[in-house]
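Asks: Okay, handing you the structure first.
Only the coordinates and a few stated rules stand behind these numbers; no lab work does. Fair warning: this is a prediction, and the values are worked out from it, not measured in the lab. Glycine also receives a Cβ, built like all others from the backbone with ideal geometry; neighbour counts cover every protein chain displayed.
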Amino acid sequence: MHHFEEELTCSICYSIFDDPRVLPCSHTFCRNCLESVLQLSGNFSIWRPLRLPLKCPNCRSIVEIPPTGTESLPVNFVLKAIIEKYQQEDHPDVATCSEHYRQPLNVYCLQDKKLVCGHCLTIGKHHGHPIDDLQSAYMKEKETPGKLLEQLTDKHWSEVCLLIENLEEHKAQCESIVQEDKKTVLQYFKRLSDLLDHKKQALLAALEEVNMQIETEYEPLIENMKGIREEQLELMSLNTAIQEEESPLLFLEKVDDIRQRVKALKEKPLPNIKPVEIYPRIGQVLKDVWSKSEISQVNKIVIPKIKLISKEKICSHGCEKEKKSRKEFFRSLKHLAVILTFLVVATIIFSQHPFPFVKEVAFPFVMESLETFYQDFSKRFQMVVGTLWYTSNFLLECLYRIFPSSM
């Protein structure tokens, strides 16, 4: 039945009839379409106000509409039944409008170059646009693709091909630069990684070397002390065995043997353990040197010589700083004593010889000098206090390391 779709289409809205009404001239239109035509028509009869004249859109004959309007026009029930049956069928080959439900796309909009339905032309966004039927638009536009392609001349084709070659060449150059930069990055960080690994191995080797120094320093002493401890344990065990000896002669002989061995054991010198320190500490080196160095200067960082040093040297180093701070402190006190003496003498002079010159000139000069000295002394005193604070903390740390159990 969909082959008769054209006969089911209103000639005003180009859509399937909606509530079809028959005019006196026997032509059928949608009721809403007739209402629109009546509203647009201004040719009202003055001498017959009860009748509404209307020109048929198909035959152009003048027909009269009853006063009640299009509602009084007869319904084309046969056509309406056919349309209802048609709409109940499935029409997969008929394109419908996406904006108006089940309205076929059977009109070509010349302005927007697309298929539209009748409702798009009457009440939709294509209202007032120039239109054409689908077959006529198809015949007119059939030769258009060839004409459009004729505009693409050989020159344009050559320009496009040349541009493609240039773009591919530029792309290859950029990719080559990126690959070269990748190699540069890998080489740079490979050298940096090798350098850092070399420095790491050097630091570990330095720590291993000081570990061997520790082994050499302490292992013989520990073995010697273990031998003395074994000797003492053996003498204690021998003492227990002697107590069970019943023969006086053997008892005296064993006692004499113990006496000799105890005497020899007591004469063995015990080592004088001197506290040592591992210097410098790697953590401090990494903090003071490595963390403050630029990447380009890593190769210039010298691996420190790590060794065991006596804590007395560290304490003596701290004592030297303390002595220097003490000298600066006493030097400041010496200047203060001179100024105070001068101030006392000036006060005595003022009390005995109260000349205006002395009061107005000498005393302000003394106060200015005293103020200058006070500022200088305050700075020096703060420096001395800071030095003493650092030295005291350093000494406390040394004492804690020497006597950890008593602190």
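Asks: In nm, what is the difference between 0.36 nm times the number of residues separating D256 and Y101 and their Cα-Cα distance?
Replies: So the chain would gain 43.0 nm between D256 and Y101.
Asks: In addition: Amide H neighbours of I131 under 5 Å, counting only residues 5+ apart in sequence or on other chains, H built in-plane at 1.01 Å?
Replies: Amide H neighbours of I131: L110.
Asks: Please list, ordered by chain and number, the residues whose modelled amide H lies under 5 Å from the amide H of K55; skip anything fewer than 5 residues away on the same chain.
Replies: Hits under the 5 Å cutoff: V63.
Asks: Apply the Karplus parameterisation 6.51 cos²θ - 1.76 cosθ + 1.60, with θ equal to phi minus 60°, to every residue of the range 63-70 and state each ³J(HN,Hα) to the nearest whole Hz, in sequence, with x for glycine and proline.
Replies: Running phi through 6.51 cos²θ - 1.76 cosθ + 1.60 with θ = phi - 60° gives 10, 10, 9, x, x, 6, x, 5 Hz.
Asks: Out of residues 5 or more away from N76 or on other chains, whose amide H comes under 5 Å of its own, with H placed 1.01 Å from N in the peptide plane?
Replies: Answer set, sorted by chain and number: R21, V22.
Asks: I've got another one for you. Test of understanding: what is the full-extension gain from I278 to F77, defined as 0.36 nm times their sequence separation minus their Cα-Cα distance?
Replies: 61.1 nm
Asks: Step through the residues of the range 249-254 one at a time and calculate ³J(HN,Hα) from phi using the Karplus curve (6.51 cos²θ - 1.76 cosθ + 1.60, θ = phi - 60°), rounding each to whole Hz and writing x for Gly and Pro.
Replies: Values, residue by residue: 5, 5, 4, 5, 5, 5 Hz.
Asks: Between Q187 and T216, how high is the FRET efficiency from 1/(1 + (r/R0)^6) when r is the Cβ-Cβ distance and R₀ = 41 Å? Nearest 0.05.
Replies: Efficiency computed from Cβ-Cβ geometry: 0.45.
Asks: Could you sort out which of K190/K292; K226/K307; K226/K254; K200/K274; K274/K305; K55/K125 sit more than 29 Å apart by Cα distance in this structure?
Replies: K200/K274
Asks: At 7 Å along the Cα-to-beta-carbon direction for both Q243 and H27, put a label point, then send me their distance in nm to one decimal.
Replies: 14.4 nm
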